[in-house]
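Structure first, commentary second.
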Amino acid sequence: MSKLRLLFVKEAQSSYISHLDLLRTFQRAFPRTGLEIRHSQGYHPHPLLSIVLPLPVGQSSVCELMEFEVTQETDGAGIAEKLNGGLPAGLRALDCYPAERPVRELADLRATLELEYDCGVPAGTADQLRELFSRPEILVFKRTKRKELAEVDIAPMLRRADWTEQTTCVRGDVVVQAQNPGLNPQLLAQAVERYLPELTPDFVRVRRTALLDDSGRDFR
Amino acid sequence: MDKRLERILPRVQKPARYVGGEYNAVVKDLSTVDTRVAFCFPDTYEIGMSNLGMRILYGVMNEMPGVWCERVFAPWGDMEEEMRRCGMPLFALESGDAITDFDIVAFSVGYEMAFPGIVNMLDLARIPLHSADRHGLTPLIIAGGTAMYNPEPMADFIDIVSLGEGEESTVELIELHRKARQEGWSREEFLRSAAKVPGMYVPSLYDVRYREDGTVSSITPLDGAPQTVTKRIVEDMDKSYFPVKTIVPTTEIVQDRVTLELFRGCIRGCRFCQAGYVYRPVRNRSRELCATYGVESCNDSGYQEVTLSSLSTSDYPDLTELCDELEDFCAQRHVNLSLPSLRADNFSMNLMQRLAKGRKSGLTFAPEAGTQRLRDVINKNVTLEELLRSCHTAFAGGYNAVKLYFMLGLPTETDEDVLGIADIAARVMHEWREASPNKNRGVRITVSTSWFVPKPHTAFQWEPQISREEYERRVKLLRDAIKTKTVTYNWHDSATSVIEAVLARGDRKLCKVLETVWRKGAKLDAWEEYFSYDRWLEAFAECGVDPAFYANRRRERSEIMPWSMISCGVSEDFLWREHERAAAGVTTPDCRTQCSGCGANRLVGGKCHV
Ligand code: SF4
């Protein structure tokens, strides 16, 4: 038995695959590896397969992690390549290796935000964003687990946000808290809408770029 | 990805169904492509992707050099609204390109309620709705599928109807279209030649006249089009295409598994069943090939369920041997085999229990009618004894749920037949009491009735559908007769069946109705969410069409049916003979017991290999 971790990209068409469907997609690609995913014991056995920080539908990522157990002994070599033979466009396994570091050491995630302005970026946008995201309190509405809307302060979960202006887009390079609780970078756009309504972008694109531990190094 | 699409997707339900990119979706380099085909399914992605016929033709067309066949499904209401708002035309999933300028736009039409959806998709694609308003060679609008055995209500919208199995004829048609484009033929020249390809029906080349009373007085083929167009079939199933490498959706669809087609056609001859007649004769795929395809498709797709599909799977001659052959593979790969259609006989029960391996999901039987008399009328050769014996075996084996399917409104049905359904449910209940080893868990018996819709090319094509009031009276009669709480009774909503009955045996006068009802908002009318009976009634009234003329009228033997130019190989004389035997309550043996001379043998060179 081996406990493994898979590093993969989820982008383009695959960014619209829901969490459950993503698990199903990996399960179907799995027989290609010649390995067998372990199932839980009990009345309704389910495959021991989980995504470390499920990505919201519509966002893309180059650093997704999936954990799973296989019945055989393996260090994971070759698995990523074999899986890639059966995956949809935009889903690509990069590496597979034994799961060693505990997931709790995953502290932050880094993402890029693209705020698109179809009629050009309003003057001074980046400066105003810098000011907004350095405030001590930034309140947005968030759905709770019980599906109610609650106001949360995202300032303490925001580690860093750098903004650069392009012609029709402002790019944000942000680092946010990954878990307990995690911050969905999309909420930064919501904060813009609330505090700087005149800078509400026409569209927002989010892409995860890295998972980090608390010393800022890549978590794998 | 198209920028408009990217912005729409966060706002619609189940966005994954609009993006393509699934494993095995075919993407071609445009510089190698001279024929672009949009293969349209006038229903949602989940329904369309569950259709085996579509997967077969997708594979066949994409194997043709220079041809790129892409999929198009009907957008759900929220998506359609967004697309119309931002001016985004209907697009193909593989490339994301608008299908407006594709060479061929092909529709797969399995049921009549999809007709308004086709009109809507043409409009979304910005293609002129009427064949007469399309002047060039492209886009060519073609259609096929079971509902196209009477394409007359769609005659104004479709350029060519492809009848029967399309593996060979589609290739021929595409080649002809390519030649026409290369040589610069006119649209008329092309349509005239297409009409000479066997199996191709070109509605615009037929002049249909009507009598004062609304019935057809004559059908005259023009410009050398044939008097009758006979459907095409693949004679040898071992040479027919099977999509071993097939698209694996990344969002759940209705039939999310490998569908292994064991044979085409059906030996049974149920008199109400359109599929049973139009897919004749039966043609089996060899066991070896079935087993190979089963294994290869699981290996490629990673699916862990294989359904052994056919109109009546337990009639496959080598079914036990096939299951034996697949057993090791299935055990080792944790693949389940399932049988979709089950006959209530010992053989099927044993096999089913063996396949179920402890998973005791519900059992489904379709006796269709409540008394032996009526079952003889419809030629559904299952007896009450067989049904009860099967239920007994199942209950004794630990099953505690049975679903029973019936039809109300079958020709000659009396109140006694209706009450017979309640009686069957009670006897099944009794069987459970006798057989169940563990009565504490209780039992669930579900009785479902649908409303019989007379279909073209069947023995009942001359029969009226009973009125809506009468149908509802019979539903109530049955509801009151089912007394035990353990029996749940579900009945099919009546309004859709009325419209289905009108469209199924409709003629060209309904084209106007379809356009009208679409303009009033009809699109995904197979869905309760979108169906509106009143909208249809308004459209009938505005067009001066009486729905009862189509649904509730008994036809004479001598009447020219609107679909008379179309033959599925079964002769009308045979259908009438079956009609008369039904009236007399006489059954007809299945094709394996004895050939009844339906005429379909001429499609396979004279003798059916049943
Ligand atoms: S010709 Fe005879 S054997 Fe063949 S399908 Fe018709 S009835 Fe059956």
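The values are calculated or read from the model by the stated rules, or taken from the named source; none is laboratory data. What you see is a predicted model, and the numbers here were worked out from it, not measured in a lab. Note that we place each Cβ from the backbone using ideal geometry, even for glycine, and neighbour counts take in every protein chain shown. These accessible areas exclude ligands, DNA and RNA; they are computed on the full protein's heavy atoms, side chains included. Shrake-Rupley method; radii C 1.70, N 1.55, O 1.52, S 1.80 Å.
Each residue of region B:158-169 is assigned a 3J(HN,Hα), and the resulting list reads 9, 7, 9, 9, 9, 9, x, 6, x, 3, 8, 5 Hz, derived from the Karplus form 6.51 cos²θ - 1.76 cosθ + 1.60 (θ = phi - 60°), x at Gly and Pro. Placing a pseudo-label 7 Å from each Cα along the Cα-to-Cβ vector at residue B:27 and residue B:538 gives an inter-label distance of 4.4 nm. Ignoring lysines fewer than eight residues from residue A:145 along the same chain, the ones with Cα atoms less than 23 angstrom from its Cα are B:14.
Per-residue Karplus couplings for region A:115-123, computed as 6.51 cos²θ - 1.76 cosθ + 1.60 with θ equal to phi - 60°, are listed in order as 8, 9, 10, 4, 9, x, 6, x, 4 Hz, Gly and Pro entered as x. In region B:156-313, one over the average inverse separation of all distinct C-alpha pairs is 18.8 Å, which is the Kirkwood hydrodynamic radius. For region A:114-168 and region B:144-180, write down the distance between their C-alpha centroids in whole Å. If you average the Cα positions of each part, the centres end up 55 Å apart. Residues of region A:65-103 that lose at least 30 Å² of accessible area (1.4 Å probe, protein heavy atoms only) when the other protein chains are present, relative to their chain alone, are A:88. Charges were assigned to the Cβ only: +1 to each Lys and Arg, -1 to each Asp and Glu. The resulting dipole of region B:479-610 about its Cα centre is roughly 340 debye.
With contacts taken as Cα pairs under 8 Å at a separation of at least 6 residues, chain B carries a relative contact order of 15 percent. Only protein heavy atoms count here; under a 1.4 Å probe, residue A:117 has an accessible surface of about 10 Å². Rolling a 1.4 angstrom probe over chain A with all protein chains present gives an accessible area of which 50% lies on carbon and sulfur atoms. For the chain pair B and A, the buried solvent-accessible surface (1.4 Å probe, both sides summed) amounts to about 1900 Å². Heavy-atom surface analysis with a 1.4 Å probe gives chain B a carbon and sulfur content of 49 percent of its accessible area.
If only the Cβ of Lys and Arg carry +1 and only the Cβ of Asp and Glu carry -1, the dipole of the protein assembly as shown around its Cα centre is close to 1600 debye. Counting only protein heavy atoms and a 1.4 Å probe, region B:344-488 has 41 square angstrom of accessible area per residue.
Which residues does the label zone of residue B:64 cover in region B:11-36, counting backbone N under 11 Å from a point 7 Å along Cα→Cβ? Hits in region B:11-36 for residue B:64 at 11 Å: B:34-36.
Charging the Cβ of each Asp and Glu at -1 and of each Lys and Arg at +1, and nothing else, the dipole of chain B about its Cα centre rounds to 1100 debye. The helix-based estimate of mean residue ellipticity at 222 nm for the protein assembly as shown, built from -39,500 (n - 2.57) per DSSP H run of four or more residues and divided by its residue count, is -9000 deg cm²/dmol to the nearest 500. For region B:287-310, heavy-atom accessible area (probe 1.4 Å) falls by no less than 30 Å² from the chain alone to the full protein assembly at B:302. Potential lengthening of the chain between residue B:235 and residue B:333 amounts to 31.9 nm, from the contour at 0.36 nm per residue minus the alpha-carbon distance.
Seen against the Cα atoms of chain A and their longest principal axis, helix A:19-29 is set at about 40 degrees.
The average projected area of region B:220-339, computed from the convex hull of its Cα atoms over all directions, is 10.4 nm². Any chance you could check the Cα centroid distance between region B:281-334 and region A:41-103 for me, in angstrom? Rounded to whole Å, the Cα centres lie 30 Å apart.
Solvent-accessible area per residue in region A:2-100 equals 42 Å², computed with a 1.4 angstrom probe and all protein chains kept. Values of log10 I(q)/I(0) for region A:105-213 across q = 0.18 Å⁻¹ run -0.87, by the Debye formula with one identical scatterer at each alpha carbon and no solvent. Compute the FRET efficiency between residue B:211 and residue B:385 as 1/(1 + (r/R0)^6), taking r as their Cβ-Cβ distance and R0 = 45 Å, and round to the nearest 0.05. The value I calculate is 0.35.
Residue B:110: net charge of surrounding residues, Cβ under 13 Å, Lys/Arg +1, Asp/Glu -1, itself excluded? Taking every Cβ under 13 Å from that of residue B:110, the sum is -2.
So which residues in region B:223-258 end up with at least 50 square angstrom less accessible surface once the other protein chains are there, compared with the chain by itself, probe 1.4 angstrom? When all protein chains are present, B:250 each give up 50 Å² or more of accessible surface. Counting each pair of different Cα atoms once, what's the Kirkwood radius of chain B in Å, rounded to one decimal? So the Kirkwood estimate lands at 25.5 Å. What angle, in degrees between 0 and 90 and rounded to the nearest 10, separates the Cα long axis of helix B:52-62 from the longest principal axis of the Cα atoms of chain B? Helix B:52-62 sits at roughly 30 degrees to that axis.
For chain B, the longest principal axis of the C-alpha atoms and the axis of helix B:115-124 are separated by about 30°. First check a/c for region A:45-150, with a ≥ b ≥ c the square roots of the eigenvalues of its C-alpha gyration tensor; if it is under 1.5, answer rounded, and if not, answer prolate when a/b is larger than b/c or oblate otherwise. Taking the square roots of the gyration eigenvalues as a ≥ b ≥ c, region A:45-150 is prolate. For residue B:507, neighbours were defined as the other residues whose beta-carbon sits under 14 Å from its Cβ, and their charges (Lys and Arg +1, Asp and Glu -1) total +1. The H on the amide N of residue B:489, modeled in the peptide plane, is under 5 Å from the matching H of B:447, each at least 5 residues off or on a different chain. For residue B:100, the solvent-accessible surface with a 1.4 Å probe is about 30 Å², rounded to the nearest 10.
In a fully extended conformation the segment linking residue B:4 and residue B:587 would gain 203.9 nm over its present Cα-Cα distance, using 0.36 nm per residue. Couplings for region B:519-528, taken from phi via the Karplus curve 6.51 cos²θ - 1.76 cosθ + 1.60 with θ = phi - 60°, read 4, 7, x, 5, 8, 8, 6, 6, 9, 3 Hz in order; Gly and Pro are left as x.
Close amide H partners of residue B:23, meaning residues 5 or more places away or on another chain with modelled amide H under 5 Å apart, are A:89, B:248. Please report the spacing between the Cα centers of region B:455-495 and region B:386-430 in Å, no decimals. First find each Cα centre; the distance between them is then 15 Å. Against the empirical 2.2 N^0.38 Å (N residues), chain A has a Cα radius of gyration ratio of 1.13.
For the Cα trace of region B:281-356, dividing Rg by the Kirkwood Rh returns an Rg/Rh value of 0.94.
When the protein assembly as shown is described by a simple charge dipole with +1 on each Lys and Arg Cβ and -1 on each Asp and Glu Cβ, the residue from B:19, B:579, B:151 located farthest towards its positive end is B:579.
Peptide B:13-24 has a mean shielding of 5, counted as Cβ atoms of other protein chains within 10 Å of each residue's Cβ. Shape index of region B:3-223: Rg/Rh, with Rg the Cα radius of gyration and Rh the Kirkwood radius from the inverse mean 1/r over Cα pairs, equals 0.97.
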